[in-house]
Each structure stands twice: as C-alpha cells, then as structure tokens.
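Notes to accompany the following structure.
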Amino acid sequence: MTALVVALGDSEGEVRQAAATSLRQLGQGSEEVMTALVVALGDSEREVREEAATSLGQLGQGSALVAALSDSEGKARQAAAQSLGQLGQAPEEVLVALERALGDSDWWVRQEAARSLVRLGQVSEVVVALLAELRDSSRFVRQEAARSLVQLGHASGEVAATLIGGLGDPSVFLRQAAAASLGRVGQGSPEVV
C-alpha cells in the first residue's frame, strides 16, 4: 500500500490517477490510504480529483467527499455526488450536502446528486427538485428532469400536471419525454388520457 500512497504524490497526473484507481480496486481503507485520497481531492488535475472521489465513495468515506462537492470543476463535483450515493447509509451531513447539490450550477452535478439521494432513500427531496427543473430555461435540463421523474416511478398529481404542461413546450425533445413519461406515471389519471 505504501508504494501506491507514494505514487499519489508523483509529478505526473496520469500516475496519480492510476494510483488512486489501484487503491480503490484493492479496497484497502487504512488511515494512511484515506488521508492520501483526501489530499488527492485537492490535486491540480481534475481526473485525479475525480478518481480520488470515486475511491473514497467506494471505500465508504462520505464525510471526506462532502468537501469535494465544492470543487471548482463540475466533473469533480459530479464524481463526488455520484460516489456519495454508493455509501448505503449516509450521515445527515452527507444528505444535507447532496440536497444542497441539487441546486448546483452544473446540470450533471444536480442529476448525480438526485440519483444519489434516491439510492440513499431520499426520494421526496429529489421529486421537489426535479419538479423545479421541469421549469428550467434549458430544454436539456427539462428533458432530463422528465426522464428522471419516470425513473423514480413517482406518480403524484403534481408530477402528472407538470408533465402535461410539458406537452406544450417548444422543445420537441421535452414534448417527447413528457409524453413518454406520462405513459408511465399517468395511470389512473383522467387528465392524462
């Protein structure tokens, strides 16, 4: 293990990234490894930070990943959000951080935060955030929000009403996603048929 921890300090980013990957694959979560991976969350290379976040998530180190949700790079925040969903059981600090990430400026981070909250059993918070996303100015955000609601299988009157509104959206992609989504969540709703 010590050799890989030392490799996390190599001058080349590719070597540091490979070391973080190997530490994750070996699944050894000693204090020395965890400390080195937490330090790697601050690496100058985005790919190293992403791999460190993934490794910490798979090694069950949620508290360390909360700080990575504030990284300057969206990809690193996305990796942290995704990794937090792998924890199984998450302390309150992790849930609060993921709920905060639902408001991130980067759609991919918001999407991974939503997925992670669902994996951690926090569906109601995600539904509220996705309903808000259905009103976003970006058609891509609206489209993915509609699809995400279907994946959640959440069928409330508010979800159905918002999706019905999506049928009038200027974006053909959102109209298509809304129509497909209504087929899954609109059962038993007279407004849908």
- Item | Surface share of carbon and sulfur [accessible, 1.4 angstrom probe, percent] for the chain | 50 percent
- Message: To test your reading of the geometry: what angle, between 0 and 90 degrees and rounded to tens, separates the Cα axis of helix 172-185 from the longest principal axis of the chain?
- Response: 80 degrees
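Apply the a/c threshold of 1.5 to the C-alpha gyration tensor of segment 1-76 and tell me whether it is rounded, prolate or oblate.
oblate
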- Message: To the nearest 20 Debye, how big is the dipole of the chain about its Cα centre, given +1 on the beta carbon of each Lys and Arg and -1 on that of each Asp and Glu?
- Response: 740 debye
- Item | Dipole magnitude of segment 1-115 about its Cα centre (Cβ charges: Lys, Arg +1; Asp, Glu -1), debye to nearest 20 | 280 debye
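Using helices alone, I'd like the mean residue ellipticity at 222 nm for the chain: each DSSP H run of four-plus residues gives -39500 (n - 2.57), total over residue count, nearest 500.
Here the helix-only value at 222 nm equals -20500 deg cm²/dmol.
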- Message: I'd like the orientation of helix 31-40 relative to the chain: the angle between its Cα long axis and the longest Cα principal axis, in ° from 0 to 90, rounded to 10.
- Response: 60 degrees
- Counting only heavy atoms of protein chains, what accessible area per residue, in Å², does the chain have with a probe of 1.4 Å? 49 Å²
- Message: On C-alpha positions alone, give me the angle between the axis of helix 13-26 and the longest principal axis of the chain, in degrees, nearest 10.
- Response: 80 degrees
- Quick one: how many Å² of SER137 are accessible to a 1.4 Å probe, rounded to 10? 120 Å²
- Heads up, I need the accessible area for ARG139: 1.4 angstrom probe, whole protein in place, Å², nearest 10. 80 Å²
- Query: Just one of (1) 11.4; (2) 24.0; (3) 13.6 is mean projected area of the Cα convex hull in nm² calculated from these coordinates, so which is it?
  - Reply: (1)
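The values are calculated or read from the model by the stated rules, or taken from the named source; none is laboratory data. In this text, all values refer to a predicted model and were calculated from it rather than measured experimentally. Backbone-built Cβ (ideal geometry, glycine too); neighbour counts: all protein chains shown. Quick note on the areas: whole protein, heavy atoms, side chains included, nothing else; ligands and nucleic acids left out. Shrake-Rupley method; radii C 1.70, N 1.55, O 1.52, S 1.80 Å.
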